[in-house]
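Colleague: I have a structure here, written as structure tokens, and I will follow up with some questions on it.
The values are calculated or read from the model by the stated rules, or taken from the named source; none is laboratory data. These numbers come from a predicted model, not from an experiment. Note: ideal-geometry Cβ built from the backbone for every residue, glycine included; neighbour counts use all protein chains shown. In case anyone asks, the SASA skips ligands and DNA or RNA and just uses the protein heavy atoms, side chains included. Shrake-Rupley method; radii C 1.70, N 1.55, O 1.52, S 1.80 Å.
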Amino acid sequence: MLRSVSVKNAIKDAVEIFQFDQWLRFYFVVRKDDKLWIEIPEDRLKRIEEDFPGLFRFADMINDAELDYQRSQDNVCTFVAARLDGQKYEASILPQVFDDAKFKVEMYLFNVWLKMHEPHLDEAFMEFGEWLEMYEGWNSLDEVKEYRTKLLESGTDPQVPTCGTAQ
């Protein structure tokens, strides 16, 4: 099997998984006995499987499970490693992704977008594809492009979740 060595494509794939995790936690977290759980209704799981078959396994994996920050990060990292590391990309690629400024800036900007749009996103349920579409629209604004460039050129390290990968 031919594995990719494209860090740029691996960044895009990893970012999408992190974004998907944020979307799931935004809409499907419930409180049970003072603990947080992910509960994705069956009809939504089917929709995810139809629209995003590559991400369905992640949704299915975390559904009906207790959730906290560490578990969430571990779940995402495990899925990224299982789906991308050594499978779709050469084993040397993923460690480069999490150290790459473009990955860090993209995750930082996604979190900025999420905070800015939270009231709107909270008004009514939106499918993951709608989130991506809305984010891409915001991402294409000149101000955002300029800000991204400024962040990349400054060399500052936006604080974003990281994954340790086995090498």
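Colleague: What about ALA10, is it over 12 Å from the mean Cα position of the chain (by Cα), surrounded by 15 or more Cβ atoms within 10 Å (Cβ to Cβ), under 22 Å from GLN96 (Cβ atoms) and aliphatic (A, V, I, L, M)?
Modeller: yes
Colleague: Which of (1) assigned to a helix (DSSP H, G or I); (2) touching a residue at least 60 places away in the same chain (Cβ under 8 Å) does GLN87 not meet, given it meets every other one?
Modeller: The one condition GLN87 does not meet is (1).
Colleague: Of (1) loosely packed, with under 14 Cβ neighbours inside 10 Å; (2) closer than 29 Å to TYR147 by Cα, GLY54 satisfies all except one. Which?
Modeller: (2)
Colleague: If you don't mind, another one. How about the stretch 87-106: which of its residues are surrounded by 15 or more Cβ atoms within 10 Å (Cβ to Cβ) and either in contact with a Phe, Trp or Tyr (Cβ under 6 Å, 6 or more places away or on another chain) or polar (S, T, N, Q) (or both)?
Modeller: Those that are surrounded by 15 or more Cβ atoms within 10 Å (Cβ to Cβ) and either in contact with a Phe, Trp or Tyr (Cβ under 6 Å, 6 or more places away or on another chain) or polar (S, T, N, Q) (or both): GLN96, VAL97.
Colleague: Just to be sure I understand, how many residues within the stretch 58-75 are within 17 Å of ILE48 (Cα to Cα) and either of a type in the set (Val, Ile, Thr) or out of contact with any helix residue (DSSP H, G or I) (no Cβ under 8 Å at 6 or more places or on another chain) (or both)?
Modeller: Summing the residues that are within 17 Å of ILE48 (Cα to Cα) and either of a type in the set (Val, Ile, Thr) or out of contact with any helix residue (DSSP H, G or I) (no Cβ under 8 Å at 6 or more places or on another chain) (or both) in the stretch 58-75 gives 2.
Colleague: Given (1) touching a Cys at 6+ places or on another chain (Cβ under 7 Å); (2) at pLDDT 90 or above, identify the lone condition not met by CYS163.
Modeller: Failed condition: (2).
Colleague: Search the stretch 37-60 for residues that are in contact (Cβ under 8 Å) with a residue 60 or more places away in the chain and pair each with any residue that is among the aliphatic types (A, V, I, L, M) when their beta-carbon atoms are under 6 Å apart and the residues are at least 6 apart or on different chains.
Modeller: ILE48/ALA59
Colleague: Can I ask one more? Determine which single condition ASP64 fails, assuming it passes every other condition in (1) open to solvent by less than 80 Å² (accessible area, probe 1.4 Å); (2) of a type outside the set (Phe, Trp, Tyr); (3) on the phi > 0 side of the Ramachandran plot.
Modeller: (1)
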